[in-house]
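Below is one structure; the comments refer to it alone.
Any read-out appearing in this document is the output of simple, stated calculations on the displayed coordinates, not a laboratory observation. Remember, predicted model here, so these are calculated numbers, not experimental data. No Cβ is skipped: glycine too gets one built from the backbone with ideal geometry, and neighbour counts run over all protein chains shown.
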Amino acid sequence: MSRKPSEHTENGSCRQTPVRRRLIWDDDVRFGYYPVDQTETPYDSLYFAKYAGYAQTPMGAALEAARVAAELGKLADPSAKTSVTVVMLHSGDKTNVVPDKAQVTADVRAFTAAEFDRVEREAQVLAAHPVIEGVTIASSLRRNFPPWPHASSTDALVKRAARLYAELGRTLTTTEVGSSGDVALSAETGTPSIDGFGMEGGGAHGVDDYVDFATLTPRAYLMARFLMDAGRDPPKR
């Protein structure tokens, strides 16, 4: 933290300079950093009188949200393939107003309903015990998709897809992601289900998300051949 006094000339006289969007800290008032509009004279008594009310505004909402965001990530369980990833953290929309609320959003993926229940339960425990006095937290888990546990019927579809892709001299690699898309809705009914016929790529949902357009034709071939093969020999539940 630093204090920014009025500028002085070499002979010691004071020259007040309007400051645009500068953040300050006053050693006497000690109430925090606040912007100075270009139309105002900085660091005078009128300025501090205008903003002194912010000194009593609690910073709890934003700080508690940051703490909870860090704690939510700990609810993940790699051994159960359950992931909990904070994707949004929001508090305030003005530089000179202390926010009175905040919101944390996390993406939860699990392979069983029991894991969804556990994450929801432990998140509610976090909400019931805020660390900063005066802060209250409400927690909820919205289950967009049901869990998609490992199924032998999906294994059979993967083997079929790999055999068809090999017709092009290509190898099909697979990965499991619980409750990640619409396909989980069909899998929940017991229908043999498989996902991921799109183009190959990487970095899904991240800043380095990309697709390899060179795989458009072979992937289209795979989809067409898979539908033809499944039509002749429908998968069994």
Return the residues of region 77-94 that are in a loop (DSSP other than H, G, I, E, B) and either crowded, with 18+ Cβ neighbours inside 10 Å or in contact with a helix residue (DSSP H, G or I) (Cβ under 8 Å, 6 or more places away or on another chain) (or both); say none if nothing qualifies. 91, 92
Could you identify the single residue in 167, 200 that is more than 30 Å from residue 101 (Cβ to Cβ) and surrounded by 14 or more Cβ atoms within 10 Å (Cβ to Cβ)? 200
Unique match (being of a type in the set (Ser, Thr, Tyr) and either surrounded by 15 or more Cβ atoms within 10 Å (Cβ to Cβ) or closer than 22 Å to residue 83 by Cβ (or both)) among 152, 180: 180
Mind listing just one residue for me: the one in region 124-177 that is among the aromatic types (Phe, Trp, Tyr) and assigned to a loop (DSSP other than H, G, I, E, B) and, of those, nearest to the chain's Cα centre (by Cα)? 145
Enumeration of residues in region 178-237 that are under 23 Å from residue 149 (Cβ atoms), in a loop (DSSP other than H, G, I, E, B) and hydrophobic (A, V, I, L, M, F, W, C): 194, 197, 204
Of the candidates 113, 102, 138, the one satisfying the condition of being of a type in the set (A, V, I, L, M, F, W, C), without any contact (Cβ under 8 Å) to a residue 60 or more places away in the chain and surrounded by fewer than 12 Cβ atoms within 10 Å (Cβ to Cβ) is 138
Suppose we keep only residues that are without any contact (Cβ under 8 Å) to a residue 24 or more places away in the chain and of a type in the set (Val, Ile, Thr) within region 181-237. Which one would you say is farthest from residue 169 (Cα to Cα)? 189
